[in-house]
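The values are calculated or read from the model by the stated rules, or taken from the named source; none is laboratory data. Since we're looking at a predicted model, the values are computed, not measured. Neighbour counts are summed over all protein chains in view; Cβ atoms, including those assigned to glycine, are modelled from backbone coordinates with ideal geometry.
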Amino acid sequence: MNEENIIEVRNLIADFEVKEGILRSVDHVDLDIKKGKVTGLIGESGCGKSTLVHALLNLNAPNEYIREGSQVNFKGRNIFSLSAEELRRLRWREAALVFQAAQNSLNPTITIKEQMLDTIEAHLDHGDALSKKKGRIPKLLEMVRLEPERVLKSFPHELSGGMKQRTVIAMALLLDPEILILDEPTTALDMITQSYILDIFADIHEKLGVTMFFVTHDLSLAAKLAERLAIMYAGKILEVGSVEEIFYKAYHPYTIGLIKSMPSIIGDLSQMKPIPGLPPNLLHKPSGCLFHPRCPEATEECKKVEPKLIEIEKGHLVACHKYSNVKEKGMRS
Amino acid sequence: MSQILKCKGERDEIMNRPLAELKNVSMYFKKDKLKIGAVVDVSLKIFPGEILSLVGESGCGKTTVGKIFLGRLKPTSGDVLFEGKDIWKMSKQEYKKFRPLIQVVHQDSYASLNPVRTVYQTLAAPLQFYKITRTREETEKKVKELLQMVEVIPPGYFMNKYPFHLSGGLRQRVSLARATILKPKLIIADEPVSGVDASLRISVLDVMRRLNKELNIAFLYITHDLATARYFSRKGRMAVMYIGQIVETGGINELIEEPKHPYLQALLSAIPVPDPKLAKKKRLLPLKSLDLPSAGHPPSGCRFHPRCPYAKEICEREAPELKDLGNEHRVACHLVEEIPKWALELKS
């Protein structure tokens with residue numbers, strides 16, 4: 001285990017049992033989450049990014065199977081070999097998760113104050129630490145730019161969507177986690193609120209130095225918040241690098257295609273174009289490289305042999321047979 | 001010379017005659033004794049073959065405007081015109097002729113296609129009902145042509161699929177194909193790509209652009225996403241809505257590059273851009289309040305004043321009117337001459 005990494009994912013395989021058969025949602029994934037950094041995970045809907053996020057905390061769906069040999073090493077401990085009690089201690093205290101549309105995860109029948117106290121009591125043992133953490137509540141609410149006096153006595157329905165979302169973020173920070181895992185944390189919020197919340201995340205990262213793992217389908221959000229990025233496609237990680245490398249010097253044709261297919265309020269419209277074809281059906285995956293049916297660079301080799309994720313420059317990993325072609329042709333964005 | 005001028009004048013007159021128009025339209029809904037003004041005194045024109053983007057955040061009334069254009073909702077006050085005729089004063093015959101000329105494509109492509117009909121059955125129904133095609137062979141040929149046009153390829157394969165077999169992007173193309181069958185002059189597209197995968201979004205917009213260019217169908221593109229509006233409409237016009245009112249209209253590029261209304265400036269400052277250096281530099285315009293007031297209790301005067309960083313006493317007291325700054329750029333702001341210039345940073 002590398003000291004710099006807070007989480008190391010190794011050979012993670014997550015299958016879902018569905019009516020039509022076995023669907024492999026996460027397929028042999030290796031990923032390092034570096035301590036103190038903001039790592040972003042980009043992928044389109046159905047690529048397995050939420051499954052990966054839930055696996056980080058060993059939260060599985062009833063029809064989901066984590067296969068033998070999968071590892072999520074959290075500071076050296078494999079999360080799949082922990083007992084329920086060990087997991088309880090780890091969750092929220094060491095790693096906190098903010099779900100997609102988290103504003104709906106608040107209990108509608110009790111006040112914000114009550115749910116915050118519940119959270120502390122559920123994950124901490126009795127003692128000094130408990131009252132100390134309770135004392136931090138107002139400070140955390142101020143950090144997410146809320147008025148503690150007003151919010152604490154409110155029920156969720158008395159708050160706007162943006163305020164609920166900020167409350168959930170403050171709750172995630174209650175027990176001083178080392179890593180904050182954010183699964184599409186700004187969906188269902190309007191643009192101005194979204195931008196405000198991204199600023200708050202940047203603020204929290206700067207002030208508390210907390211590690212963040214930020215999952216989104218929107219490249220623009222990742223551009224704003226992330227320092228490192230991983231690109232996921234059909235259950236696999238295709239490219240990992242610093243955010244600048246991914247946006248300005250990507251190697252994988254999918255990454256390049258994804259960046260070019262993003263409409264934006266800036267930039268040359270004639271450079272924007274869609275990726276041809278459709279994402280694969282996970283029940284009938286293509287052979288070889290999963291992206292080959294849509295790839296402009298695909299060769300016979302790509303149809304047959306699956307490329308491995310290899311480090312081609314320091315900290316920049318790519319799973320593509322043809323990455324040197326991509327480099328020479330100056331296709332990179 | 002005089003003849004050329006005359007011709008030009010005539011052409012201008014035809015070009016300047018709106019296809020569809022709202023004149024001082026307001027729409028109030030009643031909810032628990034509260035009168036909610038979803039649309040308040042809105043005037044909008046859509047010209048033949050143009051793309052008008054109607055942009056605003058959720059709850060601003062943009063969908064209601066679409067339904068009013070369509071004749072789906074009767075406004076509380078104001079006139080709704082199509083080719084110069086008030087659609088609520090049309091005779092039965094006139095209405096029957098008008099109705100097919102505006103079509104709609106909804107956000108939820110799954111809910112808008114019948115789940116127990118195949119793509120063929122969905123597209124064949126209107127062809128047969130309106131007797132556009134008479135025989136099975138003719139219908140099949142036409143359905144294939146329609147699918148080809150919206151790039152659902154190969155048509156023969158997809159024709160026999162049910163909606164649940166198709167991805168969001170493909171379903172939306174089928175909806176678009178269906179919308180063109182009766183040769184409409186206007187399609188109301190209400191957030192048509194927000195349910196489509198990121199990498200495929202612009203391919204659906206490309207199909208819409210093609211329908212606009214090749215079939216000369218005008219579009220009212222309703223969205224919260226300025227980036228897709230810019231991609232789809234290119235040189236088209238845009239109207240920005242805020243709590244039931246239009247606050248700024250004009251050419252979309254001009255509006256994005258030189259927004260005048262503080263609300264549009266705030267919106268543009270909030271939109272993330274896919275460029276890490278620019279994105280990290282971008283700062284949200286410092287608003288006085290983050291929360292959107294409710295349409296049930298709209299603020300007095302300018303509806304943006306409680307959030308506006310520049311608001312003065314007059315803004316609280318008087319509602320500003322849309323003023324023409326020239327070049328068809330109109331803004332509803334008392335302080336448009338005074339507030340600091342704001343522009344998007346375009347290069348990192």
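For the range A:255-266, how many residues meet the condition of being more than 7 Å from every other protein chain (Cβ to nearest Cβ) and buried (at least 24 other Cβ atoms within 10 Å of the Cβ)? Adding up the residues that qualify gives 1.
Among the residues making up the range B:260-295, those that are more than 10 Å from chain A (Cβ to nearest Cβ) and in contact with a strand residue (DSSP E or B) (Cβ under 7 Å, 6 or more places away or on another chain) are B:LYS260, B:HIS261, B:LEU264, B:ALA295.
Go over the candidates B:LEU73, B:LEU52, B:LEU22 one by one and state the one that is in contact (Cβ under 8 Å) with a residue 12 or more places away in the chain, in contact with a helix residue (DSSP H, G or I) (Cβ under 8 Å, 6 or more places away or on another chain) and surrounded by fewer than 21 Cβ atoms within 10 Å (Cβ to Cβ).
B:LEU73
Based on what the data block shows, is A:GLY235 buried (at least 24 other Cβ atoms within 10 Å of the Cβ), in contact (Cβ under 8 Å) with a residue 40 or more places away in the chain and at positive phi? Criteria met by A:GLY235. Candidates in the range A:286-305 are the residues that are crowded, with 16+ Cβ neighbours inside 10 Å and charged (D, E, K, R); of these, the one that is modelled with the highest pLDDT is A:ARG294. The residue that is nearest to A:SER45 (Cα to Cα), among those in the range A:175-196 that are acidic (Asp, Glu) and assigned to a loop (DSSP other than H, G, I, E, B), is A:GLU184. When residues of the range B:113-138 are filtered for being among the aliphatic types (A, V, I, L, M), within 19 Å of B:VAL152 (Cα to Cα) and touching a residue at least 12 places away in the same chain (Cβ under 8 Å), how many remain? Residues that pass the stated criteria total 5. For the range A:197-210, the criterion of being in a loop (DSSP other than H, G, I, E, B), crowded, with 21+ Cβ neighbours inside 10 Å, within 13 Å of chain B (Cβ to nearest Cβ) and in contact with a helix residue (DSSP H, G or I) (Cβ under 9 Å, 6 or more places away or on another chain) is satisfied by no residue at all. Scanning the range B:180-201 for residues that are buried (at least 23 other Cβ atoms within 10 Å of the Cβ) and of a type in the set (Gly, Ala, Ser) yields B:ALA189, B:SER199. Of the residues making up the range A:267-280, just one is at the interface with another protein chain (Cβ under 7 Å from one of its Cβ atoms) and farther than 23 Å from A:CYS320 by Cα, namely A:LEU269.
Looking only at the range B:215-234, count every residue that is more than 9 Å from chain A (Cβ to nearest Cβ) and without any contact (Cβ under 8 Å) to a residue 40 or more places away in the chain and tell me the total. So the answer is 1. For first residues located in the range A:313-325 and touching a residue at least 12 places away in the same chain (Cβ under 8 Å), partners that are among the hydroxyl-bearing types (Ser, Thr, Tyr) and lie 6+ apart or on another chain with Cβ distances below 6 Å form the pairs A:VAL318/A:TYR251; A:TYR323/A:TYR251. For the range A:213-251, filtered to residues that are within 12 Å of chain B (Cβ to nearest Cβ) and among the β-branched types (Val, Ile, Thr), the residue that is nearest to A:SER50 (Cα to Cα) is A:THR216.
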